[in-house]
Amino acid sequence: MTMKKMTDRLEAVFTLIPKAEVIADIGTDHGYLAVELVRRGRADKAIAGDVNKGPLASAKAYVASTDVAQFINCRLGNGLQVVKKGELQGAVICGMGGFLMRDIIEAGPELLDFYVLQPQNGQAELRQYMVQQGYRIVREVIMTDMGKHYQAFLTLKKGRESVYVTADGPVTQATIDAKDPYDALPDTSLLWLIGALVQREKPPLWQDHMAHLLHIRESALAGMTDAMAHTEKYQALAAEVKELKELI
Ligand SMILES: C[S@@+](CC[C@H](N)C(=O)[O-])C[C@H]1O[C@@H](n2cnc3c(N)ncnc32)[C@H](O)[C@@H]1O
C-alpha cells in the first residue's frame with residue numbers, strides 16, 4: 001500500500017494558498033507540499049526550506065523524482081533565512097509550533113505579502129503577532145487528520161489584499177469586503193485561539209473543534225488538586241472553560 005503524500009491536514013492547508021509567482025514551503029520535510037504548489041499551479045516556482053539535513057535530503061530526493069523538479073529549489077537553512085529579499089511573495093509554514101513560526105517570520109529577511117500558517121500550538125499568540133505586524137487574517141480552516149485536531153489560517157499584508165483576489169481561490173472580493181472580526185477584538189478573547197473566522201463560519205467540524213478545546217482544559221482542571229483551586233493557572237483555565245461553553 002502506498003502512503004498518501006498529501007494528508008488531509010496538508011490538503012486542508014492547501015485550500016488556503018493564493019496563487020503567486022514564488023512561494024516558499026518552510027520546514028518542508030518530505031517536500032510534498034512544495035511539489036503540489038507547482039503541480040497544481042499555485043506557484044510558478046517553489047522554494048523548499050528545512051533546517052535539518054535529513055528532511056532536506058528526503059525533500060530533494062522526492063522533488064527529483066517528480067516532473068516539476070526544475071521549478072523547485074531545495075535549500076538547507078533556518079526559516080526564511082534561505083530566501084533573499086524580493087525573491088518571493090509568500091510562505092507556507094506547517095506542522096511546527098506557533099512561537100517558532102513567529103520567530104521565523106520576525107527574523108525575515110522581510111515581511112512577505114502572505115503567510116499560510118498551520119501552528120501546532122501558540123495559535124492565539126501567532127494570530128495576535130500577525131495582526132500587530134499589519135496583516136489581516138482572511139481565511140481559516142479547522143481539520144482533523146488521523147484523529148488529531150488542527151487549524152490553519154491565511155494572513156495577507158494589509159494593502160496587498162486585492163493582488164490575491166481571484167474568483168475561485170481562497171481570496172475573493174467578498175472575503176476582502178467582509179467585516180474583519182479581529183478588528184478591535186480584545187487581547188484576552190479566546191477567539192484568538194479558536195479562530196474568529198471559524199466562529200463566524202461555524203464549519204461542519206465546529207462542534208468537534210470546540211469540544212476538543214474544552215476537553216483539553218477540563219482534563220487539565222481535573223488533574224489539579226483542590227489545593228490548586230486558588231492558583232492563577234486554575235482560575236484562568238476555569239475562565240476559559242466558561243467562555244468556551246458560552247461560545248458553543
Ligand atoms: C513536523 S515537520 C512538518 C513537515 C511539513 N511542513 C508538514 O507539515 O507536514 C517540521 C519540519 O520543520 C523543520 N524545521 C524545524 N525548525 C525549522 C526552522 N527553524 N527552519 C526550517 N525548518 C525547520 C524540521 O526539520 C521538520 O522537517
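What is the list of residues in segment 196-239 whose amide nitrogen lies under 15 Å from a point 7 angstrom out from the Cα of V165, following Cα to Cβ?
Backbone N within reach: none found.
Which lysines does K245 reach when only Cα atoms under 29 Å apart count, and residues fewer than 8 places away in its own chain are ignored?
Here the lysines satisfying the reach criterion relative to K245 are K148, K179, K202, K233.
Tell me which lysines have Cα within less than 26 Å of K45's Cα, excluding those fewer than 8 residues away on the same chain?
Counting by Cα, and skipping residues close in sequence, K45 has these lysines nearby: K4, K5, K19, K53, K60, K84, K85, K157, K158.
Taking 7 Å along the Cα-to-C-beta vector as the label spot, tell me the S58-L185 distance in nanometres, rounded to one decimal.
3.3 nm
Just the C-alpha atoms of the chain: what Rg/Rh do they give, with Rh taken as the Kirkwood radius?
Rg divided by Rh gives 0.99.
For segment 206-247, what is the Kirkwood estimate of the hydrodynamic radius, computed as the reciprocal of the mean inverse distance between distinct Cα atoms, to one decimal in Å?
10.5 Å
Are there any trypsin sites (Lys or Arg not before Pro) in segment 1-78 that are in a DSSP loop and have at most 16 other Cβ atoms within 10 Å? List them by number.
For trypsin sites (Lys or Arg not before Pro) across segment 1-78 that sit outside H, G, I, E and B with at most 16 neighbouring Cβ atoms in 10 Å, the list reads K4, K5, R40.
Taking every DSSP beta bridge that has both residues in the chain, what percent is antiparallel when rounded to the nearest 5?
40 percent
Evaluate the relative contact order of the chain (contact order divided by residue number), counting alpha-carbon pairs under 8 angstrom at least 6 apart; express in whole percent.
16 percent
Quick one: putting +1 on the C-beta of Lys and Arg, -1 on the C-beta of Asp and Glu, what dipole do you get for segment 206-247 around its Cα centre, in Debye to the nearest 20?
40 debye
Helix-only estimate, please: 222 nm mean residue ellipticity of the chain, summing -39500 (n - 2.57) across DSSP H runs of length 4 or more and dividing by its residues, to the nearest 500.
Per the formula, -11000 deg cm²/dmol.
Please name which of G98, F153, T7 has its Cα lying farthest along the dipole of the chain towards the positive end, using unit charges on Cβ (Lys, Arg +1; Asp, Glu -1) and the Cα centre as origin.
Among G98, F153, T7, the one farthest towards the positive end of the dipole of the chain is T7.
Only four residue types carry charge here, +1 at the Cβ of Lys and Arg and -1 at the Cβ of Asp and Glu. Report the dipole size of the chain about the Cα centre in Debye, rounded to the nearest 20.
Its charge dipole is roughly 520 debye.
If you take the charge dipole of the chain about its Cα centre, with +1 on Lys and Arg Cβ and -1 on Asp and Glu Cβ, which of Q81, A211, G223 is farthest toward its positive end?
Positive-most Cα among the choices belongs to Q81.
Against the longest principal axis of the chain, how steep is helix 98-107, in degrees 0 to 90 to the nearest 10, with axes from Cα atoms?
50 degrees
Report the Cα centroid-to-centroid distance between segment 1-62 and segment 84-163 in angstrom, as an integer.
16 Å
None of the figures in this text is laboratory data; all of them are computed from the coordinates on show. Model, not experiment: these values are computed from the prediction. Reconstructed Cβ throughout: ideal geometry from the backbone, glycine too, with neighbour counts over all protein chains shown.
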